[in-house]
Amino acid sequence: MKFFKHPKMGVRDSYWLLKSILIMKLTLILLLFFNLHVIADVHSQTKVTLNLKAADFKKIISSIEKQSIYHFIYS
């Protein structure tokens, strides 16, 4: 009698197992989605503000280099 198992009980056990696996999958997908969204926001473009009138090319390039991580090589 110790190995006796009701046949309907086995069906209910697998139902809860499948439901819990589905919940875990959905939770993992949501976590990945929100983490990737945050990473995408961090790596967005940097803003450069220029208020220059009648400035030469060298001054414009140096102003952009000071405000950003980009460096220009020109001749």
What do you reckon, is LYS53 modelled with pLDDT under 80 and basic (Lys, Arg)?
no
I'm trying to understand the selection: among the residues of the range 53-68, which are surrounded by 10 or more Cβ atoms within 10 Å (Cβ to Cβ) and either in a loop (DSSP other than H, G, I, E, B) or acidic (Asp, Glu) (or both)?
ALA55, GLU65, SER68
Against the conditions (1) basic (Lys, Arg); (2) exposed (fewer than 10 other Cβ atoms within 10 Å of the Cβ); (3) at pLDDT below 85, where does ARG12 fall short? Just the number, please.
(2)
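The values are calculated or read from the model by the stated rules, or taken from the named source; none is laboratory data. As the structure is a computational prediction, the values presented were derived from the model and not from experiment. Cβ atoms come from the backbone with ideal geometry, glycine included; neighbour counts cover every protein chain shown.
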